[in-house]
Protein chains: 2
Amino acid sequence: MEFETLHTTRSVQLLRSFWNVQKNVMRIIQRTAADNGLSVPQYTILTAMILHKELTQKNLGEKTFFAKSTLSQSVDALVREGLLHRQPVEDNRREIQLSITEKGKKLLKTIHEQEDGIHMAFGEAVQDLEDDQFHNLLKTHLHIAQHLEEKE
Amino acid sequence: MEFETLHTTRSVQLLRSFWNVQKNVMRIIQRTAADNGLSVPQYTILTAMILHKELTQKNLGEKTFFAKSTLSQSVDALVREGLLHRQPVEDNRREIQLSITEKGKKLLKTIHEQEDGIHMAFGEAVQDLEDDQFHNLLKTHLHIAQHLEEKE
DNA sequence: TATGAATTGTTCTAAAATGAACAGTTAATA
DNA sequence: TATTAACTGTTCATTTTAGAACAATTCATA
């Protein structure tokens, strides 16, 4: 039980630690997205698409965890804005292949460079980190993320 | 410019790294909150209140970054459920002092112990971490969070 | 291959979250 | 002290997000 309490305490500390970063990330992303006429899911979808090149809507859902109705509506809006390309999958009339357009890439690049955006903020924070501190952080995050993924 | 690109790249890596944890945290918290009849802000408010004992609604806003209309409504619902105590501040008829009730504490304790909840998940992930790995993580998070806080 | 089950995405309705206008209170300063 | 400005919280209208029912397609297997 001593053991239990110890770990519970550490898990609470860890959760709070993530939360303190996370709430700031959300605050800044929400503002950045809104400033550029996007909702948070829309912005997230764009960043996922630039990373993965091509995804079906289903795969996009697995990566982002948004409800499929949210995805459907967000994707639809992005396509209407010409930021996303949507084309049927060969030999499959149910799934839909998504990819980012040039206009989408350009918008993300602009956002990326914005003074008060999340990238600039992280860029400053990251400058103070030692190389091994940085790599340990990524490694530990990966470990934790993998653990959380397993939960359903 | 070489320099710039390097840091930009690291900041993107870092952002993705946080996002991969964050999206899982949100997914699990959303489910846990819903299972216990709470919205995400409501759950977040309870956890903030258990940490800070007493807060005015204004202070709560500074800690959580929720819109004040969201706070007002969430707090109201929590008070109606008997999870939060709301009393006027002495010598100030504008501000309102908030504190968590016994019922609120009890609910959080229950949630805390739930099998598929965020605490248990973090508890498992944290077991594999070395002491110094854990402390370095907290330290680095703190550094990053402080940096982000400065952005407005 | 025919039939029922599972999958993928959309639509509609309801809930959650926000911004803006507002009311009441306190603070600043003339 | 009177008057204006700033602050704290609420309310209302709107936008955003999610859940549930649905349509269309594909898969499993009899």
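A few comments on the model shown:
- On inspection, B:Ala121 qualifies as part of a helix (DSSP H, G or I), modelled with pLDDT under 95 and not assigned by TED's automatic domain parsing to the domain that holds B:Lys23.
- Check on B:Leu6, among the hydrophobic types (A, V, I, L, M, F, W, C), modelled with pLDDT under 95 and either exposed (fewer than 14 other Cβ atoms within 10 Å of the Cβ) or over 17 Å from the mean Cα position of the chain (by Cα) (or both): yes
- Failed condition for A:Arg94, given (1) over 14 Å from A:Asn36 (Cα atoms); (2) in a helix (DSSP H, G or I); (3) near DNA strand D (Cβ under 9 Å from one of its atoms): (2)
- Restricting the range B:55-88 to residues that are in a loop (DSSP other than H, G, I, E, B) and farther than 25 Å from A:Val21 by Cβ, the residue that is nearest to DNA strand C (Cβ to nearest atom): B:Glu81
- Residues that are within 19 Å of A:Ile111 (Cβ to Cβ), touching a residue at least 40 places away in the same chain (Cβ under 8 Å) and either surrounded by 16 or more Cβ atoms within 10 Å (Cβ to Cβ) or of a type in the set (Gly, Ala, Ser) (or both) are absent from the range A:66-76.
- Flag if A:Asp91 is modelled with pLDDT under 95 and not assigned by TED's automatic domain parsing to the domain that holds A:Phe122: yes
- Residue, farthest from the other protein chains (Cβ to nearest Cβ), within the range A:59-74, restricted to residues that are within 12 Å of DNA strand D (Cβ to nearest atom) and not small (Gly, Ala, Ser): A:Gln73
- Lone qualifier among B:Asp131, B:Asp91, B:Asp116 - being over 20 Å from the mean Cα position of the chain (by Cα) and farther than 19 Å from A:Arg16 by Cβ: B:Asp91
- Test: B:Thr140 is part of a helix (DSSP H, G or I) and either within 7 Å of chain A (Cβ to nearest Cβ) or touching a Pro at 6+ places or on another chain (Cβ under 6 Å) (or both): yes
- Number of positions in the range B:77-107 that are crowded, with 19+ Cβ neighbours inside 10 Å and under 30 Å from A:Ala145 (Cα atoms): 2
- First in the range B:1-18 and in the same structural domain as B:Ile144 (by TED's automatic domain parsing) and of a type in the set (S, T, N, Q), second anywhere and outside any loop (DSSP other than H, G, I, E, B) and modelled with pLDDT under 95, Cβ under 7 Å, 6 or more apart: none
- Given (1) more than 14 Å from chain B (Cβ to nearest Cβ); (2) aliphatic (A, V, I, L, M); (3) closer than 30 Å to B:His143 by Cα, number of the condition A:Leu129 does not satisfy: (1)
- Selection status of B:Ser74, within 24 Å of A:Ile28 (Cα to Cα) and either modelled with pLDDT of 95 or more or not assigned by TED's automatic domain parsing to the domain that holds B:Leu148 (or both): yes
- Each residue in the range B:97-113 was checked for being more than 10 Å from every other protein chain (Cβ to nearest Cβ) and either at pLDDT below 95 or in a helix (DSSP H, G or I) (or both), and 10 of them qualify.
The values are calculated or read from the model by the stated rules, or taken from the named source; none is laboratory data. A quick note: this is a predicted structure, and the numbers were derived from the prediction, not measured. Cβ coordinates were reconstructed from backbone atoms using ideal geometry, including for glycine residues, and neighbour counts include every protein chain displayed.
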